[in-house]
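Let me begin by presenting the structure, written as structure tokens, before commenting on it.
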Amino acid sequence: MQERYEPAVVEAQAQAFWDERKAFAVTEDPNKPKYYCLSMFPYPSGRLHMGHVRNYTIGDVITRFMRMQGYNVLQPMGWDAFGLPAENAAMQNNVPPAKWTYDNIAYMKSQLKSLGFAIDWDREVATCDPRYYRWNQWLFLRMLERGIAYKKTGVVNWDPVDQTVLANEQVIDGKGWRTGAIVEKREIPMYYLRITDYAQDLLDSLDQLPGWPERVRTMQANWIGRSEGVRVSFPYELDGERRLLNVFTTRADTLMGVTFCAVAAEHPLASYAARSNPALAAFIEECKHGTAMEAELAVMEKKGMPTDLFVTHPITGARVPVWVGNYVLMTYGEGAVMGVPAHDERDFHFAKKYGLPIIQVIDTGSGLWALGSSQSTDDPPLASARSPKPSSPIPDEWDVAFESHGVCVNSGKYDGLGYREAVDAIAADLRASGLGDKQVQWRLRDWGISRQRYWGCPIPLIHCPKCGDVPVPDEDLPVALPEGLVPDGSGNPLAKTPSFLDCRCPKCGGAAKRETDTMDTFVDSSWYFLRFASANNDQAMVDERANYWMPVDQYIGGIEHAILHLLYSRFWTRVMRDIGLVSVKEPFENLLTQGMVLNDIYSRRSPDGRVQYFNPVDVEVELDSKGSRVGARLKRDGQPVEWEGMRTMSKSKNNGVDPQQLVSEYGADSVRLFMMFKSPPEDTLEWSDDGVEGAARFMRRLWRVVYEHVRAGDGSQATADSPKAGCAPTEACSLSSADLTDAQRALRRAAHATLAKVTDDIGRRRVFNTAIAAVMELMNTLSKFEDDSAAGRAIVQETLELIVQMLSPIVPHASQALWEALGHAGDPLIDRPWPKPDPAALVQDTIEIVVQVNGKLRGRVNVPAEATDDIVREAALQDANVQKWTEGKQIRKVIVVKGKLVNVVV
RNA sequence: GCCGGUGUGGCGGAACUGGUAGACGCGCCGGACUCAAAAUCCGGUUCUGGCAACAGAGUGUGGGUUCGAUUCCCUCCACCGGCACCA
């Protein structure tokens with residue numbers, strides 16, 4: 001054994017050792033319980049960042065732990081390889097996206113290997129590989145056949161200078177990122193997937209995912225956004241024909257308070273009214289400009305304009321004016337709302353601004369301004385009566401709408417009804433007259449998958465002038481993406497490539513054009529976990545092996561994918577199940593969302609207002625005598641820099657840390673140990689160079705302790721007639737407790753208690769920081785143990801073997817080396833079963849009991865482990881310090897908590 | 001605005017089921033080794049008072065339940081995340 005710990009050598013050896021054995025290649029074995037551990041696959045951006053390292057280390061720890069638990073564990077890896085960054089890089093460097101992508105994959109793969117992850121590389125997939133994306137195309141055609149995929153026009157961001165569609169992130173302040181031109185909304189035909197057909201099931205099934213974080217389930221539920229209400233139809237006449245204006249409302253109880261209706265700018269009624277009204281047409285144009293992003297709409301001022309159209313109130317028959325309002329969304333509900341200014345804040349502002357009448361139809365409770373507490377309702381109050389100023393109940397003097405539920409007033413036959421009864425009664429009346437009914441409304445919209453981009457999976461359709469849109473026949477799949485093109489930023493290069501574009505119609509054989517749109521990259525990532533389980537099958541998208549491995553037992557990835565990726569995957573898996581391709585509907589049994597990796601941000605503001613950021617490695621932090629941060633200076637010039645707190649590592653803030661440099665400086669094991677030790681996996685991780693240094697220090701210390709133990713004699717000899725690590729309870733342990741000294745027994749107990757804790761922390765709680773802390777504590781205990789007797793050395797041997805085994809999922813390379821040094825040459829530690837604590841070692845003869853007087857700690861007593869409550873009570877009361885506090889006082893009560901404490905109440 | 005989460009030493013964090021608050025690590029202070037430094041090792045490190053034994057205070061704020069609360073309940077405050085003219 002080497003005296004010095006040299007991670008580079010140790011890690012190369014361990015990796016070669018595993019490679020030789022193809023240690024991580026797995027096959028479907030019906031005799032073993034399976035475990036599918038999956039980390040979200042990376043986008044091949046160039047190099048790994050710390051978030052990747054953290055993500056994949058967590059997955060690797062679980063993978064290796066479960067393997068030692070006896071599971072047949074699959075941990076695959078692949079590449080989410082299509083996407084916009086490749087096109088941008090291509091433009092910058094004049095290299096085709098394919099080359100850039102494949103080069104990045106090669107480099108990042110070497111990085112993953114250097115970190116020692118237990119990955120089955122035989123199953124590697126890249127989504128830009130035609131052998132992968134042909135199945136996107138194949139399943140898309142199946143969806144088309146079933147009506148799950150369909151075509152309709154959709155709104156996109158259009159750059160009028162480059163004549164190209166922009167992604168949302170390419171629109172900055174409403175302008176194109178390259179041209180600076182004002183971006184327009186434009187309607188073009190696109191393909192959609194009917195995810196809304198699955199909305200109810202996607203929502204309901206969230207309850208059946210107890211292994212998902214509450215947070216993610218809530219986010220998904222909000223995103224799906226189910227809302228129950230009533231569809232109300234307002235009849236009107238147009239060109240002598242009776243028509244209906246439909247609106248959706250959750251407050252049908254306020255229907256009698258309607259004083260106007262408002263429609264979205266894109267609503268057909270708005271377009272109709274604009275034909276004879278140039279001012280209105282101009283207003284509608286104005287509303288259509290700006291981005292398609294909702295976040296920016298949210299801050300716009302409420303504006304509107306009247307049409308000269310009127311509709312009829314479905315119950316009172318009153319004439320109701322129709323307005324166009326910029327606050328009405330065409331994409332939600334019916335694209336139109338009924339305006340009840342008295343009881344809706346937006347309607348209220350709108351009515352105030354344009355002088356529309358306000359009619360109160362809900363009692364505010366006391367007749368005065370109802371604040372949170374005073375409504376009489378059959379439902380919890382909704383909100384927003386915030387004005388503290390009680391004033392007259394006359395709506396004219398309101399300064400905010402009364403939105404809480406309450407009793408109907410001023411509503412004819414509905415007077416006196418509460419929220420629920422009023423909604424029921426009004427819905428029933430509407431149903432009877434054919435002017436409405438109860439309806440469930442979803443926030444979730446169908447998934448538009450068309451992207452007007454080059455570097456993606458081609459949508460397999462052919463546009464024939466005679467036959468229309470014709471699906472590409474299965475036997476012609478894949479529709480291969482030409483890989484040599486370099487986009488120039490103006491439109492999709494596929495549209496300028498005749499060899500791709502021009503084709504024959506599969507139906508009539510005439511000249512036709514291929515669809516040039518490609519699929520959203522979320523399509524690629526919606527089923528890759530199934531492909532890993534059926535890798536290399538040229539004949540089918542998935543096969544029976546998918547049913548062996550699925551569902552994924554543990555999925556690990558960033559919280560940023562809490563909504564879209566996870567929702568799309570759940571949807572896609574359901575579609576595949578409905579088509580009969582797989583048997584599961586929920587793809588991910590347990591989900592772990594790892595926290596972000598943060599680092600300090602240092603900056604300087606120059607007089608002209610420009611901000612310069614400095615990497616933390618170039619900054620010297622100044623501390624006071626207690627170690628508190630008091631300032632920071634740039635090492636180069638000794639001048640102060642500003643500390644801006646900690647944020648996720650990014651290029652723009654210049655606070656990134658390169659994992660590769662750390663691996664070459666400290667070794668993969670130290671980096672892995674630090675990342676697992678610093679914070680629990682779900683929390684953010686604050687980077688610290690000192691912390692990595694500390695992890696490396698621990699590794700060197702562990703190495704040295706094993707080295708010194710081994711050097712003092714053949715370690716395995718010492719165990720010849722002593723307990724083996726984790727000897728089964730039935731197995732006779734040759735060193736019976738009775739023969740050991742107190743110190744020897746204490747160390748054995750500490751070792752086995754630590755094993756029990758570490759097993760629970762990794763296996764059940766999935767917290768690695770406390771597992772590592774427990775092992776460090778055991779190391780501290782071990783350092784204080786000095787005993788050269790045969791029994792002493794045997795126990796040290798046992799303890800070291802346990803430590804090495806417990807750490808092996810986290811620091812696998814060094815663990816393998818140390819395992820060999822401890823007398824197991826050539827024995828792969830990864831194939832060792834996880835040790836079990838020896839119950840005999842855990843037995844204690846005496847235990848320490850804490851004694852409190854009135855809940856305050858006043859002493860400790862040692863009692864036999866099997867002592868009765870009475871004996872413990874007496875021992876506690878005899879304690880000198882306890883007597884001091886109870887002397888002259890009357891003891892009212894003594895509480896004894898078995899094995900833990902005694903509380904004396906005086 | 002709605003939904004969810006989090007507040008513990010100088011810092012990251014621990015205390016899992018109501019039972020010794022601050023494990024473990026970083027940093028800092030002191031010591032050993034060294035000509036010296038690095039590395040390593042030993043000791044200390046919540047605050048206040050005390051040489052010490054020890055005592056008092058202490059887990060964002062204010063209250064409550066309990067023999068006992070970081071943990072449960074209520075109030076308020078701060079921060080983080082998600083959603084949002086969603087009708």
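The values are calculated or read from the model by the stated rules, or taken from the named source; none is laboratory data. Source: prediction; values computed, not measured. With ideal geometry, Cβ positions are generated from the backbone for all residues, glycine too; neighbour counts draw on all protein chains shown. For the accessible areas, the whole protein counts, side chains as well, though only heavy atoms, and no ligand, DNA or RNA atoms are used. Shrake-Rupley method; radii C 1.70, N 1.55, O 1.52, S 1.80 Å.
A few points about this structure:
- The sole residue among A:N157, A:N168 that is open to solvent by less than 30 Å² (accessible area, probe 1.4 Å), farther than 17 Å from A:I563 by Cα and within 31 Å of the chain's Cα centre (by Cα) is A:N157.
- Of the listed requirements (1) open to solvent by less than 50 Å² (accessible area, probe 1.4 Å); (2) without any contact (Cβ under 8 Å) to a residue 40 or more places away in the chain, A:D204 misses just one: (1).
- Taking segment A:318-330 as the range and being open to solvent by less than 50 Å² (accessible area, probe 1.4 Å) and either under 10 Å from A:V263 (Cβ atoms) or in a loop (DSSP other than H, G, I, E, B) (or both) as the test, the residues that pass are A:A318, A:V322, A:W323, A:V324, A:G325, A:N326, A:Y327, A:V328.
- Number of positions in segment A:708-742 that are open to solvent by less than 40 Å² (accessible area, probe 1.4 Å) and either modelled with pLDDT of 90 or more or within 16 Å of RNA strand B (Cβ to nearest atom) (or both): 2
- Selection count, segment A:425-440, where residues are surrounded by fewer than 17 Cβ atoms within 10 Å (Cβ to Cβ) and in contact with a strand residue (DSSP E or B) (Cβ under 7 Å, 6 or more places away or on another chain): 4
- Residues that are of a type in the set (A, V, I, L, M), open to solvent by 30 Å² or more (accessible area, probe 1.4 Å) and farther than 17 Å from A:F698 by Cβ were ranked within segment A:743-794; the one that is nearest to the chain's Cα centre (by Cα) is A:A756.
- Any hit, segment A:869-881, residues being part of a loop (DSSP other than H, G, I, E, B) and within 14 Å of RNA strand B (Cβ to nearest atom): yes
Yes or no, residue by residue, for (1) touching a helix residue (DSSP H, G or I) at 6+ places or on another chain (Cβ under 9 Å); (2) open to solvent by less than 50 Å² (accessible area, probe 1.4 Å):
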residue	(1), (2)
A:A12	yes, no
A:Q15	yes, yes
A:A25	yes, yes
A:N31	no, no
A:S39	yes, yes
A:G78	yes, yes
A:A86	yes, yes
A:P97	yes, yes
A:K113	yes, no
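- For segment A:887-906, a tally of residues being over 16 Å from A:I849 (Cβ atoms) and either assigned to a helix (DSSP H, G or I) or open to solvent by 60 Å² or more (accessible area, probe 1.4 Å) (or both) returns 7.
- Cβ-Cβ contacts under 7 Å between residues 6 or more apart (or on different chains), taken from a first residue in segment A:882-906 that is near RNA strand B (Cβ under 9 Å from one of its atoms) to a second residue that is open to solvent by 100 Å² or more (accessible area, probe 1.4 Å), are listed as A:V905/A:R892; A:V905/A:K893.
- Tally of residues being more than 15 Å from RNA strand B (Cβ to nearest atom), part of a loop (DSSP other than H, G, I, E, B) and more than 23 Å from A:G59 (Cβ to Cβ) across segment A:802-859: 10
- The listed residue being free of Cβ contacts under 8 Å to residues at least 60 places away in the same chain and away from RNA strand B (no atom under 11 Å from the Cβ), out of A:S628, A:S688, A:S652: A:S652
- For segment A:605-625, filtering for residues that are away from RNA strand B (no atom under 15 Å from the Cβ) and surrounded by fewer than 10 Cβ atoms within 10 Å (Cβ to Cβ) leaves 5.
- Taken as a whole, the condition of being under 27 Å from A:G304 (Cβ atoms) and within 13 Å of RNA strand B (Cβ to nearest atom) applies to A:T249.
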